[in-house]
Amino acid sequence: MIVRLLCMVWFWVAAGVVQAADFRVTFINPGGETGFWGDVSRTMMAAAADLNVDLEILHADRRPYGMEELLSLRLEQGELPDYFILVNENQAAARLMQLMEGRESKVLFLLNKLTPKQRVDLERRNIDLHGIIASVVPDNETAGYEMAQSLFAEARRLNPEAGEIRLLSLTGDSTTPAGLQRELGMLRAVADNSDVKLVHAIPVDWSEELAFARTKSVLNRTRIDVVWGANDDIAFGAQRAATDAGLNIGKDILFAGLNWSNRGMNAVRSNELTMTHGGHFFAGAWAIVMLRDHFFRSVQGEVFVDVVFKMSPITAQNVELYLSRLGDGNWDKIDFARFCKSSSNHSHYDFSADAILEAAGS
């Protein structure tokens, strides 16, 4: 009986060793459990399950100073993770790095990294930034440019005799680097198209309801041909205002969004969006992939790795493929280990849409 009990105890201990995570990560999510930031968390959780990572996610729910509050409380609790994943949403990262001063945990910046000015300001205040070991950010400027170009091309196709294309741009906010870079891409597209007039560029704080209200106000005063929305929710808010104004979506007025949301993909299919750009919510998974490579690195010392990956447009030409491979939102079917350098022996990361589609279909 004693021998049997000892065997059972040994089995439980052995099983615990096998199941123990390789390392621990805490993600301070600026958003909530739904929408875009929920998608970021879900890809991150799927990758953590594949790569044997103990992942903790704390949601700030877009509360002002919410990320700082969560990080401060987590640091007070002790037993800190090996890594924190932080986001420079609303340029809060400088305050977050001040809180991290003197901590042994390493930092990866996700989607929005420190701006050059923030880095200089922190270094002048003698804040040690050597704990930042990586960042993974999408090419937002190119995405913003391609969204605008899709609107202009479709407007010309529908009305080749029109002398002017009147554009309403609905931006995210005035501080988050991702939103500013998307807006820069949109402005570059306007500069490249002499028949386009930017009527208004209005920040709507990433809010569908605010996009609805501000678009309604603009449409009451003037004609708009195309609406560039910094994300899918913004585009949908603007569409409601256009519908209320009696406009025919996809004919009288055109919209483009960004996020690869299921709602966005279906809107592309029904000709309600010219495109939904994106794929950047997979950055949650890419962060875990990169941290695994850092944890098991073979070289000594800390090396700052700044990964910029391309987002991709979903259009009428490819939407059926994306819906069939990614429309179910089941990220557990993807083996994220295949994206790691340390397990694939690749010399660089392939976080492209083609690689995602291949992994989701295999």
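Candidates in the range 125-146 are the residues that are of a type in the set (D, E, K, R) and at pLDDT below 95; of these, the one that is most open to solvent (accessible area, probe 1.4 Å) is Arg125.
Does Leu198 fit the bill of being free of Cβ contacts under 8 Å to residues at least 40 places away in the same chain, in contact with a strand residue (DSSP E or B) (Cβ under 9 Å, 6 or more places away or on another chain), part of a helix (DSSP H, G or I) and not charged (D, E, K, R)? Outline the logic, then answer.
Numbers: free of Cβ contacts under 8 Å to residues at least 40 places away in the same chain: yes; in contact with a strand residue (DSSP E or B) (Cβ under 9 Å, 6 or more places away or on another chain): yes; part of a helix (DSSP H, G or I): no; not charged (D, E, K, R): yes.
Spelling it out, it is not the case that Leu198 is free of Cβ contacts under 8 Å to residues at least 40 places away in the same chain, in contact with a strand residue (DSSP E or B) (Cβ under 9 Å, 6 or more places away or on another chain), part of a helix (DSSP H, G or I) and not charged (D, E, K, R).
Give the residue that is farthest from the chain's Cα centre (by Cα), with candidates limited to residues of the range 69-93 that are among the charged types (D, E, K, R) and assigned to a helix (DSSP H, G or I).
Pass one, the range 69-93, residues among the charged types (D, E, K, R): 69, 74, 76, 79, 82, 89.
This time we only want the ones that are assigned to a helix (DSSP H, G or I), so: 69, 74, 76, 89.
Numbers: Glu69: 22, Arg74: 23, Glu76: 28, Glu89: 11 Å.
Looking at residues that are among the charged types (D, E, K, R) and assigned to a helix (DSSP H, G or I), I get Glu76.
Residue selection: Ala143 fails the criterion of being of a type in the set (A, V, I, L, M, F, W, C) and in a loop (DSSP other than H, G, I, E, B). Considering the conditions (1) within 25 Å of the chain's Cα centre (by Cα); (2) over 25 Å from Trp260 (Cβ atoms), Gln181 is excluded by exactly one of them, (2). If we scan the range 147-164, do we find a residue that is part of a helix (DSSP H, G or I), open to solvent by 50 Å² or more (accessible area, probe 1.4 Å) and more than 15 Å from Leu254 (Cα to Cα)? For the range 147-164, residues part of a helix (DSSP H, G or I), open to solvent by 50 Å² or more (accessible area, probe 1.4 Å) and more than 15 Å from Leu254 (Cα to Cα): absent. Looking across the range 98-116 at every residue that is part of a loop (DSSP other than H, G, I, E, B) and of a type in the set (S, T, N, Q), the one that is farthest from Leu80 (Cα to Cα) is identified as Thr115.
For residues that are touching a residue at least 60 places away in the same chain (Cβ under 8 Å) and assigned to a strand (DSSP E or B), scanning just the range 201-228, find the one that is surrounded by the fewest Cβ atoms within 10 Å (Cβ to Cβ). Only one residue fits best here, namely Val226.
Within the range 250-281, restricting attention to residues that are without any contact (Cβ under 8 Å) to a residue 40 or more places away in the chain and assigned to a loop (DSSP other than H, G, I, E, B), which residue is surrounded by the fewest Cβ atoms within 10 Å (Cβ to Cβ)? Within the range 250-281, the match that is surrounded by the fewest Cβ atoms within 10 Å (Cβ to Cβ) is Ser270.
The values are calculated or read from the model by the stated rules, or taken from the named source; none is laboratory data. For clarity, every value in this text was computed on a predicted model and none was experimentally measured. All Cβ positions, even for glycine, are placed from backbone atoms using ideal geometry, and neighbour counts span all protein chains on display. In case anyone asks, the SASA skips ligands and DNA or RNA and just uses the protein heavy atoms, side chains included. Shrake-Rupley method; radii C 1.70, N 1.55, O 1.52, S 1.80 Å.
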